[in-house]
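Just below is one structure, and these are the notes that go with it.
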Amino acid sequence: MLKITSKQLEVTAPIRERIESRFNKLSRHDVQLINPHVIITEEKPGFKIEASVGIPNGELFAQAKHDNLYAAITAMGQKLEKQLNRLTHKPEAQRFASIAHSEDAVNVEDDYEEEDAA
């Protein structure tokens, strides 16, 4: 259940829908979102929106400021999606790095064998 909090302004249906649509994009990653909480603050030059979401292997946090509330919501959603994408693809990146590193080690050993033979 998504929790949206705001002290300065009323959370209307369009605001709630925009935030829920951003979180629906996060659910595409097949990761369980635990206690998502969004805080909307109205500041003098614009709006600040913060979101914290628990996931099974950590927590995501994003904050965005903009003059337009909907632009701030979009920016916050993009930041969360980037973090989640990085976390879900991290094992693949580590595997690739270790494979590339082991191939370099094999190539270095081959160079030494050729020098010894000469």
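The values are calculated or read from the model by the stated rules, or taken from the named source; none is laboratory data. Not measured: the values here are computed from a predicted model. Cβ sites come from the backbone with ideal geometry, for glycine too, and all protein chains shown count toward neighbours. With ligands, DNA and RNA removed, areas are computed over all heavy atoms of the protein, side chains included. Shrake-Rupley method; radii C 1.70, N 1.55, O 1.52, S 1.80 Å.
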(message) Can you compute the FRET efficiency between ASP67 and ARG16 using 1/(1 + (r/R0)^6), with r the Cβ-Cβ distance and R0 = 22 Å? Round to the nearest 0.05.
(response) 0.60
(request) Determine how large the accessible area of ARG18 is when every protein chain is in place; take a 1.4 Å probe and give Å² rounded to the nearest 10. (result) 80
(request) Run the quick spin-label model on ASN85 and SER6: label points 7 Å from Cα toward the beta carbon, then report their separation in nm to one decimal. (result) 2.7
(request) Name the lysines eligible as straight-distance cross-link partners of LYS65: C-alpha to C-alpha under 27 Å, and not fewer than 8 places from it in the same chain. (result) LYS3, LYS7, LYS25, LYS44, LYS48, LYS79, LYS82
